[in-house]
1. Identify, by number, the condition in (1) free of Cβ contacts under 8 Å to residues at least 40 places away in the same chain; (2) in a loop (DSSP other than H, G, I, E, B); (3) more than 24 Å from residue A:50 (Cα to Cα) that residue B:81 doesn't meet.
2. Go over the candidates B:64, B:59, B:111, B:69 one by one and state the one that is farther than 25 Å from residue A:50 by Cβ, modelled with pLDDT of 95 or more and surrounded by fewer than 16 Cβ atoms within 10 Å (Cβ to Cβ).
3. Exactly one condition in (1) in contact with a strand residue (DSSP E or B) (Cβ under 6 Å, 6 or more places away or on another chain); (2) at negative phi is false for residue B:109; which is it?
4. With the requirement that a residue be loosely packed, with under 15 Cβ neighbours inside 10 Å and either under 11 Å from the mean Cα position of the chain (by Cα) or more than 10 Å from every other protein chain (Cβ to nearest Cβ) (or both), what does the range A:88-111 give you?
5. Mind checking which residues of the range B:62-95 are within 14 Å of another protein chain (Cβ to nearest Cβ) and under 23 Å from residue A:41 (Cβ atoms)?
6. Could you say which residue among A:27, A:74, A:64, A:48 is within 11 Å of chain B (Cβ to nearest Cβ), out of contact with any helix residue (DSSP H, G or I) (no Cβ under 7 Å at 6 or more places or on another chain) and either surrounded by 13 or more Cβ atoms within 10 Å (Cβ to Cβ) or within 22 Å of residue A:111 (Cα to Cα) (or both)?
């Protein structure tokens, strides 16, 4: 399973942008980059995914480096409800369907 | 609410007892997954079904664990002769058929505590 590396924790202020980094230097050409988050006492929640190009949705933006060895999840204007553990996961286009979670980044939002 | 539903939300039992959890996936999803999560760790994959066929099992799924999805709809996860180490959150997820870009939708889990 391709490995990702994320900081253990990050802190930001409410209403400010947050940039959550992820390194995946061993990514293969057909691996998708997925982000999930887990709020306290809840199951993980899908946030966004991409392959090569940057992606935007109502929750966040995903910026993917040109060499695809790193990516950044961007929360444009953090709220207290964005406090969660954020997981960066690589998923192959074909083959294994399971998600392989690492430790993730625990994001704290200060009011 | 048409999300993934898990029952019960909490289960407390004595060591050695058998427990069964149920998962109702999103109705049009034909893939269903079970994960286990211990405190402070990310979820770990246990097994997954495509319709009623169990296609992959983790080595974490010892012979005391069995999962079924008899009609390709809901699924059950049974743990026999529970041990202290089985205390964890058991998460179920579902997704539609497709390639690696299909997101998985999770329930809020069943928290198992072994006394």
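The values are calculated or read from the model by the stated rules, or taken from the named source; none is laboratory data. In this text the structure is predicted, and so the values were computed from the model without any measurement. Don't worry about glycine lacking a Cβ; one is built from the backbone with ideal geometry, like all the others, and counts go over all protein chains shown.
1. Only one criterion is unmet by residue B:81, namely (1).
2. Details: B:59 fails: modelled with pLDDT of 95 or more; B:111 fails: surrounded by fewer than 16 Cβ atoms within 10 Å (Cβ to Cβ); B:69 fails: surrounded by fewer than 16 Cβ atoms within 10 Å (Cβ to Cβ).
None of the others qualify; the one that does is B:64.
3. Exception for residue B:109: condition (2).
4. Residues satisfying the conditions are A:108, A:110, A:111.
5. The initial filter retains those residues of the range B:62-95 that are within 14 Å of another protein chain (Cβ to nearest Cβ), namely B:67, B:88-95.
B:88, B:89, B:90, B:91, B:92, B:93, B:94, B:95 - these are the residues of the range B:62-95 that are within 14 Å of another protein chain (Cβ to nearest Cβ) and under 23 Å from residue A:41 (Cβ atoms).
6. The match here is A:48.
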